[in-house]
Amino acid sequence: MPVKLKYGSNVRGSAGFYRLLHSRPFRIALVAFLGVLVVGCIVFGYFYYHYQHVVDDRLASGPIFASVSQIYAGPREVRNGQKLSASAIAADLARTGYNTNPKMGTYQLNGDNIFIKPGSDSYHNTDGATINTSDGVVQSITAENGVALSAYELEPQLITALSEDKNRTKRRLVTYNEIPQQMVQAVVAIEDRDFFQHGGVNYPRIAKCAFADLISHHKTCGGSTLTQQLAKNLFLSPEKRIKRKLIEILITFQLEHRFTKKQIFEMYANEMNLGHRGSYEINGFGEAAQVFFGKDLSQLDLAQCATLAGLLQNPSFRNPYRHPDRAMERRNVVLDTMVETSAITESQAQRAKAEPLRLAPPNIDASEAPYFVDLVHDQLVQRIGDQDLSHQNLRIYTSLDPDLEEAASAAVEIGMKNVDELVRQQHKTPKGEEPTPITYPQVALVAINPHTGQILALVGGRNYGVSQLNHAVSKRPTGSIFKPFVYAAAYNSSLNGMSLGDGGVFTALTKLQDEPTTFTYDNGRQTYSPNNFKSDFRGEVTAAYALAHSLNNATIQLGQMVGFDNVAALGRAAGVTSARGTPSVSIGAYDATPIDMAGAYTTFANNGVHLTPWMLASVRNPNGDIVSDFSPEGKQVLDPRVAYLTQSLLEGALNFGTASGAVRGHGFTAPAAGKTGTSHDAWFAGYTSNLLCIVWVGNDDYTDIKMEGAHAAAPIWTEFMKRAIQLPQYSDVKPFSPPEGVTIAHIDKDSSLLVDASCPNNSFYVAFLDGTAPVNTCSQMGESQQNFFQKIFGIGGNKSPAPDAATPPNTAAPIVRQPPPNTPPDGIAPDTTQQPAQPKKKNFLQKIFGGGKDKQQPAQQPQPQPPPQ
């Protein structure tokens, strides 16, 4: 069948196109278009290669995220007999990276037994051990070579990293393989569903957002892919301008060209800001997982992954601590998008939505010990001398116990609420009057091991996010917590043969006069008239009573007997370097830091050896090589007998003195010694057999907080110690054991003589140097306490000559009893105001040579005005 062809229309169309092609306007438009295209390509090429150099320079300068130096806690010691289960040990090791990072170490848990094998990156050597437990108690520890051990140290836990820069940014770097798959799916679902498919830019999404912004006149629509967000964060400012958006796209092309999708996601996971905590910015999922959930990123479940993914958009608005409802609402949106992308099922999403947030405790002071970490950094700069420590990727091992730091932060938080209430009661405003501004006090708590000097916990203020001033290193007048050094100096003088006052040896029963007194010093040119707290004078009292009830004038009188220079010298030797030989040194008028006072009290708690508190143990480079190790500093300051005798007085101060209500009255029953301090500030210093703690409360402007140490500082100490002894490592508190040459005597309150069957009540235990305890019992109160030779020469009484300082005396005090084990000394303060005054008389040699007067001269030092107590 013939086919007819029509050419007319095609010819006409071709002719029309030809005429258009040869028309002048079209050619001008085409040339202009091509010109714009060429110029555009040139401009694009210029900026493309310009920002290629920008990216090159950034990458050439080093890793995008420099590895920052890490701060580690002290190694936890596991001891035989300790209350600790094998599963708890395994959990502790898991937190340090054992098993997940074989280079750090591995463990094998088999029921109640656990085998531990440190790796090449461990703080310890690679010697392993097996720990056997039963019923939650460590039964035995066996080294890998079969040798029985009494203790074994676990791997130190990571506390935090040093801040990256002056902007106080923190991050924990993670690799892509360390990121849970559900974390990746959650981020991609909510932020960029096509991330693994597109070339870096989602053009339809950008066009949609540009149209939305144009209609709404607000630049609120994002449209950026994960790669664009990363480009903006790494290279650009957050401003929303068209020029910046174009530059962002150019850098995005560079990143997509240079890195794989997994590498880009890894950088994104380490870079993105997820809010702040205190004064620190939280960057990256690794740091956020630790901050919000107290977990390693690899340990997060589905709900927690979705929560972090939800924080990427406006993290401050959805901060889970401040706005948990907003955080949960966004989390659930993330879960729904994961269902839409088939990452999870609907049932998985519903189960995750039903979960609470389960956040870690919000107290940054508890989890990251920021005051402690700042002090570590300062000490490193002083010792190593390098300001840029953060970027050296050092491993810094310290003395901190994270569990104890948490207990300290909780105790401070609870205790300062009570202090604030007392302050508000002081500032009650009568009706009709304008309320006056209230200054709320600050606080510091320092806890150390009294036998090693290591700082185990440190809180330098009530809220690090509000103030980074570390009060643990602020010098303040020490008040009455310095008084024990006066009594220690008196014991020390007697031990070295010095007669005090009436020619007797100083004991806890030595009589002191607590009455208004004017002391002269500076060769009589100056006078000093101190006062007792609330002008309460007790008359003639024993030394034990004077210290327990913190009597100022009685203590200054004792300081005068000993010599104020001797008291000050002992204080300086124990770390209170500002002490000077003036009357007010006896009642703590000179200043020291809470850390200084923690070190000073080790003198009593550690058999007379003063330990300088320390927090740095070792600094190592990334290869594990030692950069610097630090050794504790110790010095014998007191004879062990003198230290114990003073400690015995401090036990009395805690049991029946100014702090008894705040400590014993609030449920802390373990054997302990302590002393309150009240000046313009409030102090409490106290310790058990394995833990020493100092608490300070005061105002930054040095105004009087008008609170006693027993009401402001002692309750915080008590709350802390009650929490501490619940921890396995501090639960084995033991009674204090006297050294050779010291006797514990059971003393009747009324007579200050030994207890017998006729006076079993109203008694207390106190320590004496051998041969210095009373000889008679309470039923022999009217009989002479002199022996045959004392009666002949007219010497003695209830006093005994000083034992030789080098050799413990062999004379045993008669009729003495040891206090019951595991119980503090009982009884009430001896009511010495009812005791008959003892006549003062010279001994035989003094009658012949005219001796017996106190030859100590007042110190030649300016006299600061003291606090009332």
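Key figures
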quantity	calculated
Net charge dipole size for the range 611-679 [Lys, Arg +1 and Asp, Glu -1 on Cβ; Debye, nearest 20]	260
Most to least accessible of V473, V637 (protein chains only, probe 1.4 Å)	V473, V637
Label zone at I384, where the point sits 7 Å out along the Cα-to-Cβ direction: the range 66-110 residues whose backbone N lies under 19 Å	66-75
Computed label-point distance, nm, for sites E346 and D301 using a 7 Å Cα→Cβ extension	2.2
Solvent-accessible area, 1.4 Å probe, carbon plus sulfur percent, for the range 662-703	58
Additional length obtainable on full extension of the chain from N314 to A569, 0.36 nm per residue less Cα span	85.8 nm
FRET efficiency, D756 to N496 (Cβ-Cβ, R0 35 Å, nearest 0.05)	0.55
Cβ-Cβ FRET estimate between L236 and K428, R0 fixed at 51 Å, reported to 0.05	0.40
Greater than 26 Å apart at Cα, pairs in K170/K722; K417/K675; K262/K353	K170/K722; K262/K353
For Y491, solvent-accessible area (1.4 Å; no DNA, RNA or ligand), Å²	10
Angstrom value of the Kirkwood radius, inverse mean 1/r, which spans all Cα pairs in the range 326-453	20.2
For H680, solvent-accessible area (1.4 Å; no DNA, RNA or ligand), Å²	90
Contour excess over end-to-end distance, with Cα ends at S628 and T100 and 0.36 nm allotted per residue	187.3 nm
Using θ = phi - 60° and Karplus 6.51 cos²θ - 1.76 cosθ + 1.60, couplings along the range 661-674 (whole Hz; Gly, Pro as x)	x, 6, 9, 5, x, 10, x, 8, 10, 5, x, 7, 9, x
Cβ-based charge dipole, the range 289-439, positive-most Cα from A369, M338, L308	M338
For W614, residues with placed amide H under 5 Å, excluding near neighbours	Q454, I455
With every protein chain in place, the range 318-369: carbon and sulfur % of accessible area (1.4 Å)	50
With all protein chains modelled, accessible area of F317 [1.4 Å, Å²]	90
Per residue accessible area of the range 467-512, 1.4 Å probe, in Å²	24
Distance between modelled label sites at R27 and N621, nm, 7 Å Cα→Cβ extension	7.3
Built amide H within the under 5 Å cut-off of A161, gap 5+	I71
F259/E421 FRET efficiency (R0 41 Å; Cβ-Cβ; nearest 0.05)	0.10
Point-to-point label distance, N393-L469, nm (Cα→Cβ direction, 7 Å offset)	4.0
Contour minus Cα-Cα distance for D135 and Y702 (0.36 nm per residue)	198.9 nm
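The values are calculated or read from the model by the stated rules, or taken from the named source; none is laboratory data. Keep in mind that what you see is a predicted model, and the values were worked out from it rather than measured. Note that each Cβ is placed from the backbone with ideal geometry, even for glycine, and that neighbours are counted across all protein chains shown. The area values use the complete protein model at the heavy-atom level, side chains included, leaving out ligands, DNA and RNA. Shrake-Rupley method; radii C 1.70, N 1.55, O 1.52, S 1.80 Å.
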